[in-house]
Amino acid sequence: MKKVFLFILLLLVVSACSANNDEQDSSSAEENNKAAEVPEVQVKFEHEPIPVNEETTIQASVTQGGEPVPDAEYVEFEIWNSQDGQDSSETFEAKHTESGVYTISHSFAKEGTYQVIAHTQVDDLHTMPQNEVAVGQQADASGHEHGDDSGKFMVHLMTEQTFKAGEASTLTTHINHMEEPFSEALVRYEINSDQMEKHMYIDAEEKEPGEYTANYTFPESGSYTINIHYEKPAEEIHAHQKEYIEVVQ
């Protein structure tokens, strides 16, 4: 009888341990799922267009799994004037104010179009949404065009080739304006991917009228965004168009 009692007691202990382990495994799975969710970042500006030489508030609302993130490892705003290029960028650390909202106060020195990237690190996950913002009353009234919104430009990136990681690739774009080659323009490729810490800017050369090429070696396989910037400052034209490519191993 004593042996039977000990056997039943042993079964109860094993069952309790198993239930506890299942509960811990379930809790760990939920934590891992939450950690795997890439944080969402929404960037807002105090008002647009932003005035020149006046302090303005820029804020990023950070959420993960629908919940505010008040303890991000860091949120940093990288800001540069589009005409000057990313080499002129400055980075500013944001401070947490409330409910996952991180802010900076910044003064823009001159009119124009600016790029703002919110570099955000939560645990081991990094995200970097990019926003374009107008500064000054004349920023959107100066003939600045975006992509094909004007209906005057046709921009075609040649994607028929196979892009391979670690091998030099040629990026070729044909640009027409009013059904004529858009010649003697300044053309740059802005290259971005989740595998890259910073956007890369590559100047293109005009090989034929309206045909602009540049060589670039993609470091890793994956999805890449190619933002084609084309401009003629004398004619107050600055436009861009995004294309997406896949790079294989």
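Going through segment 97-113 one residue at a time, which ones are modelled with pLDDT of 90 or more and crowded, with 17+ Cβ neighbours inside 10 Å?
Correct list: G100, V101, Y102, T103, I104, H106, F108.
Just give me the residues in segment 62-95 being over 20 Å from Y114 (Cβ atoms) and of a type in the set (G, A, S), in sequence order.
Within segment 62-95, G65, G66, A72 meet the criteria.
Could you check segment 223-235 and list, in sequence order, the residues that are farther than 16 Å from M200 by Cα and either part of a helix (DSSP H, G or I) or not acidic (D, E) (or both)?
If the condition is that a residue be farther than 16 Å from M200 by Cα and either part of a helix (DSSP H, G or I) or not acidic (D, E) (or both), then K232, P233, A234, E235 are the ones that fit.
Taking interchain pairs and intrachain pairs at least six residues apart, which have beta carbon atoms under 7 angstrom, with the first residue in segment 222-249 and among the acidic types (D, E) and the second open to solvent by 20 Å² or more (accessible area, probe 1.4 Å) and in a strand (DSSP E or B)?
E231/L186; E231/H238; E246/S223
Yes or no, residue by residue, for (1) among the hydrophobic types (A, V, I, L, M, F, W, C); (2) assigned to a loop (DSSP other than H, G, I, E, B); (3) touching a residue at least 40 places away in the same chain (Cβ under 8 Å):
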{"position": "T63", "(1), (2), (3)": "no, no, no"}
{"position": "I79", "(1), (2), (3)": "yes, no, no"}
{"position": "D84", "(1), (2), (3)": "no, yes, no"}
{"position": "D87", "(1), (2), (3)": "no, no, yes"}
{"position": "H96", "(1), (2), (3)": "no, no, no"}
{"position": "Y102", "(1), (2), (3)": "no, no, yes"}
{"position": "F108", "(1), (2), (3)": "yes, yes, yes"}
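Taking into account only those residues within segment 222-246 that are of a type in the set (G, A, S) and open to solvent by 40 Å² or more (accessible area, probe 1.4 Å), which is farthest from the chain's Cα centre (by Cα)?
So the residue we want is A234.
Would you be able to say whether some residue in segment 52-63 is more than 26 Å from E111 (Cα to Cα) and among the hydrophobic types (A, V, I, L, M, F, W, C)?
Yes, segment 52-63 contains a residue that is more than 26 Å from E111 (Cα to Cα) and among the hydrophobic types (A, V, I, L, M, F, W, C).
Quick check, is Y212 of a type in the set (S, T, Y), in contact with a strand residue (DSSP E or B) (Cβ under 8 Å, 6 or more places away or on another chain) and open to solvent by 40 Å² or more (accessible area, probe 1.4 Å)?
The answer is no for Y212.
The values are calculated or read from the model by the stated rules, or taken from the named source; none is laboratory data. These figures come from a predicted structure and were not determined experimentally. Here Cβ is always computed from backbone atoms with ideal geometry, including for glycine, and neighbour counts include all displayed protein chains. Heads up: the accessible areas ignore ligands, DNA and RNA and are worked out on the full protein's heavy atoms, side chains in. Shrake-Rupley method; radii C 1.70, N 1.55, O 1.52, S 1.80 Å.
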